[in-house]
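The values are calculated or read from the model by the stated rules, or taken from the named source; none is laboratory data. The shown structure was predicted, so the numbers you read here are calculated from the model rather than taken from an experiment. Cβ coordinates were reconstructed from backbone atoms using ideal geometry, including for glycine residues, and neighbour counts include every protein chain displayed. These accessible areas exclude ligands, DNA and RNA; they are computed on the full protein's heavy atoms, side chains included. Shrake-Rupley method; radii C 1.70, N 1.55, O 1.52, S 1.80 Å.
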Amino acid sequence: RAAKAKILPRILWEREKPKPRAPHFSTVRELDFFELPAVKEYDLVIGNPPWVSRKPMPTAEGWLFSAKENPHLARIQKDRKETLFPARELACAFMWKAGLHVSDDGRICQILPSRVFLSNNTDLFQSAWIEAHRLETVWLLADWRFILFPTAKCPSFVARYHPRRGSEALGAFEFITPKVEILDPRQALIPVLPEDQKTLSENQIVAAAGRGNAAAEWKKQHWGTPRDLRLLDRMLKLPRLKRLAKRPPRNPEALPANRKRWWLKGQGFQPATASTTDPKPVFWKPSDLFIPADGPVLDLLLLKDDCKRIGDLYRDTGLHRTRSPLLYQAPLLLINKGCTKFLFSSFPVLFQDDFQAICAPKHEEDELLFLTAVLSSPLVQYLLFHTTANIGIERDIARLEEILELPFPLPEDMPKPKKSDRVMRAAAQRVRTLFAELHRPENLLHRESLLQSAQDDLYGFVCDYFEIKGWEKDLITDCVEIFQPSSTPPSLDSEHLLTVRISTPGQRKEYANTLVKTFRHWSRTRRRLWAATSVAAGLAVITLGVADEARAYVESAAEKDVVEVLSNIRKATAEDGVQFSKLRGFILYEPNRVHILKPLGRRHWTRTAALNDADEILGRMMEEDGWRC
């Protein structure tokens with residue numbers, strides 16, 4: 001009997017069996033969650049809902065659309081399917097129901113697929129769900145995806161929230177976006193640096209959802225620094241490409257030849273498959289040119305040599321659905337799904353759904369050539385990284401709808417229309433010059449160098465057109481060359497993980513020079529600014545100060561007592577038994593200088609880091625009424 005008394009009670013309430021009696025507990029129910037009566041009996045609901053979408057879910061759908069079972073249904077009068085169950089994302093159904101099981105002061109914590117917030121089809125869901133639930137903290141673990149969950153099919157959010165209580169207003173919540181760092185020798189510790197601890201507003205998300213771009217609002221906060229947000233906000237206030245491009249009309253004759261600012265958009269054709277119920281006939285001639293999806297091509301320009309005759313390809317099997325022949329007429333711009341190829345074509349060409357296309361009337365060819373230059377520039381790579389749902393999160397794919405959300409003002413939209421028109425025409429002519437150069441036989445072995453030279457020139461035109469300042473160009477370069485390649489690494493020792501590599505003395509000098517240069521623009525004093533760095537124990541202290549005479553940047557090893565202090569700080573970045581460790585920044589202000597403690601990883605010694613650090617220091621200086629200069 002004594003032995004029996006020590007046995008732990010059962011906690012499982014098995015399906016089709018009566019509720020366990022004392023001393024046993026009914027903690028775990030063997031039951032479909034959507035068959036569980038909605039009773040407020042728990043203080044905490046935690047879970048990892050199934051990550052399943054676009055499949056029939058009878059019990060979930062039955063509960064969601066039942067006026068008797070789902071109290072949320074009554075206040076959603078239209079677009080119910082898109083609001084309650086977008087893309088049949090099962091996690092969304094769990095999010096609607098979980099709050100019905102917690103007490104008045106209870107909360108829910110769930111691991112969710114990133115699709116619930118980072119998707120182009122969940123705007124209605126996000127707006128309605130947030131109005132019914134109060135977010136407390138959200139963690140986006142996309143950057144640690146393959147390290148935490150090597151076989152995960154999708155990155156994850158961790159959300160803690162509670163049902164909105166009475167008249168509880170929309171408010172702020174914590175948004176944590178940890179990046180892969182190697183600050184502690186122990187495995188399984190995830191440090192969260194100060195720059196990855198952010199505050200978002202529920203009003204921001206709801207307002208963005210109302211505009212149809214909630215995913216971009218979340219995404220730009222993932223890698224975006226305060227300086228990035230300034231640039232992104234400026235660019236996204238410009239007119240979008242989507243106002244120019246429309247779907248081809250069903251009747252080709254309805255499209256006037258002299259149309260103005262009326263471009264066509266669409267995806268290439270999809271061959272019929274085994275699941276195609278009604279194959280459509282092909283609309284082309286065997287002699288028409290075709291570009292294979294895997295064909296080797298240069299960037300910017302499509303040449304006839306890159307194509308082949310389509311012949312009888314797919315003539316017997318047909319197409320999955322009808323496609324308009326207008327979409328394949330020149331002049332047109334082809335864009336691959338990964339947004340790594342932007343190809344202007346001066347001749348008609350056929351392509352499959354691996355490519356998306358925008359085509360314009362012949363008399364607006366310059367505008368389309370300039371769009372080619374813009375889309376292939378580092379500026380657009382920067383914008384896509386910060387605003388698209390998938391790039392840098394899950395897969396390097398941008399949907400056509402996301403590309404159409406990119407800023408593309410025409411000269412008449414700009415403050416100086418005549419100047420902007422000249423820049424646009426000059427860029428178009430530079431592409432034509434490249435086209436002529438690539439067709440010369442003597443340049444056959446120099447195509448890549450000619451292309452690179454043209455791309456450099458075109459980026460200059462793009463920066464001039466959009467009035468990109470020097471510091472904005474620094475943000476773009478750091479993003480394209482350092483941050484984007486480092487995002488979502490497959491492992492801690494990935495060769496693409498540039499952000500965690502130990503910075504070089506030259507890179508730290510560049511950071512220091514940017515910091516000094518930024519302050520020099522702000523300072524009214526005639527005294528000189530200087531910077532120096534002490535390095536030890538995987539950390540460094542950079543000191544920025546003022547003096548009567550100019551001083552060159554110097555870097556030295558820290559003194560012994562400083563090394564000991566830095567080593568202790570490094571060890572203190574982790575707590576035993578803690579998976580996530582929130583770190584605090586350290587800046588010491590003195591009357592005429594400031595000391596910043598930084599890890600040695602490359603991420604912390606970029607020009608982007610210097611610009612944001614300068615802003616933070618300036619803000620503190622203004623609070624303290626400036627340095628004693």
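Numbers for the structure displayed
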read-out: Looking only at the range 189-206, and only at residues there that are among the polar types (S, T, N, Q) and outside any strand (DSSP E or B), the one that is farthest from ILE176 (Cα to Cα); value: ASN203
read-out: Flag if GLU174 is over 16 Å from GLN126 (Cα atoms), open to solvent by 10 Å² or more (accessible area, probe 1.4 Å), touching a strand residue (DSSP E or B) at 6+ places or on another chain (Cβ under 8 Å) and not hydrophobic (A, V, I, L, M, F, W, C); value: yes
read-out: The range 281-304 residues that are on the phi > 0 side of the Ramachandran plot, paired with ones that are modelled with pLDDT of 90 or more and of a type in the set (Val, Ile, Thr) (beta carbon under 8 Å, 6 or more apart); value: LEU300/THR372; LEU300/VAL431
read-out: Counted residues, the range 36-78 - those being in a loop (DSSP other than H, G, I, E, B), without any contact (Cβ under 8 Å) to a residue 60 or more places away in the chain, of a type outside the set (Asp, Glu) and touching a Phe, Trp or Tyr at 6+ places or on another chain (Cβ under 7 Å); value: 1
read-out: Top-ranked residue in the range 158-171 [being open to solvent by 60 Å² or more (accessible area, probe 1.4 Å) and within 18 Å of CYS109 (Cα to Cα); ranked as farthest from the chain's Cα centre (by Cα)]; value: ARG165
read-out: Among the candidates ASP312, ASP305, ASP278, residue that is surrounded by fewer than 16 Cβ atoms within 10 Å (Cβ to Cβ) and outside any loop (DSSP other than H, G, I, E, B); value: ASP305
read-out: Enumeration of residues in the range 48-67 that are farther than 18 Å from ALA132 by Cβ and of a type outside the set (S, T, N, Q); value: PRO50, TRP51, VAL52, ARG54, LYS55, PRO56, MET57, PRO58, GLU61, GLY62
read-out: Qualifying positions in the range 472-520 - open to solvent by 40 Å² or more (accessible area, probe 1.4 Å), at pLDDT below 95 and closer than 19 Å to PRO226 by Cβ; value: LYS517
read-out: Selection status of LYS68, of a type outside the set (Phe, Trp, Tyr), farther than 28 Å from SER156 by Cα and at pLDDT below 95; value: yes
read-out: Filtered residue count, the range 85-116, keeping only those that are in contact with a strand residue (DSSP E or B) (Cβ under 6 Å, 6 or more places away or on another chain), crowded, with 21+ Cβ neighbours inside 10 Å and not in a helix (DSSP H, G or I); value: 2
read-out: Residues satisfying the stated conditions in the range 12-33, i.e. more than 21 Å from LYS97 (Cα to Cα) and in a loop (DSSP other than H, G, I, E, B); value: GLU14, GLU16, LYS17, PRO18, LYS19, PRO20, ARG21, ALA22, PRO23, HIS24, PHE25
read-out: Subset tally (residues that are aromatic (Phe, Trp, Tyr), surrounded by fewer than 24 Cβ atoms within 10 Å (Cβ to Cβ) and in contact with a helix residue (DSSP H, G or I) (Cβ under 8 Å, 6 or more places away or on another chain)) for the range 345-381; value: 1
read-out: Residue within the range 232-241 that is crowded, with 18+ Cβ neighbours inside 10 Å, at pLDDT 95 or above and not in a helix (DSSP H, G or I) present; value: no
read-out: Residues of the range 326-368 classified as part of a helix (DSSP H, G or I) and touching a Pro at 6+ places or on another chain (Cβ under 8 Å), total; value: 6
read-out: Residue ID - nearest to GLN381 (Cα to Cα), chosen from residues in the range 244-266 that are open to solvent by less than 90 Å² (accessible area, probe 1.4 Å) and basic (Lys, Arg); value: LYS265
read-out: HIS222 outside any loop (DSSP other than H, G, I, E, B), closer than 18 Å to PRO113 by Cβ and touching a residue at least 12 places away in the same chain (Cβ under 8 Å); value: yes
read-out: The range 120-134: number of residues that are surrounded by fewer than 22 Cβ atoms within 10 Å (Cβ to Cβ) and in contact with an Asp or Glu (Cβ under 8 Å, 6 or more places away or on another chain); value: 5
read-out: One residue from ARG551, ARG593, ARG526 being at pLDDT below 80 and basic (Lys, Arg); value: ARG526
read-out: Enumeration of residues in the range 390-419 that are within 21 Å of ASP233 (Cβ to Cβ), open to solvent by 10 Å² or more (accessible area, probe 1.4 Å) and assigned to a helix (DSSP H, G or I); value: GLU401, GLU402, ASP413
read-out: Hits in the range 190-215 (condition: open to solvent by 20 Å² or more (accessible area, probe 1.4 Å) and not basic (Lys, Arg)); value: PRO194, GLU195, GLN197, THR199, SER201, ASN203, GLN204, VAL206, ALA207, GLY210, GLY212, ASN213
read-out: Boolean, LYS81 is in contact (Cβ under 8 Å) with a residue 24 or more places away in the chain and surrounded by 12 or more Cβ atoms within 10 Å (Cβ to Cβ); value: no
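Per-residue answers, yes or no, for (1) over 24 Å from ASP123 (Cβ atoms); (2) under 28 Å from the mean Cα position of the chain (by Cα):
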residue: ARG10; (1), (2): yes, no
residue: ALA38; (1), (2): yes, no
residue: ILE46; (1), (2): yes, yes
residue: VAL52; (1), (2): no, yes
residue: PRO56; (1), (2): no, no
residue: THR83; (1), (2): no, yes
residue: MET95; (1), (2): no, yes
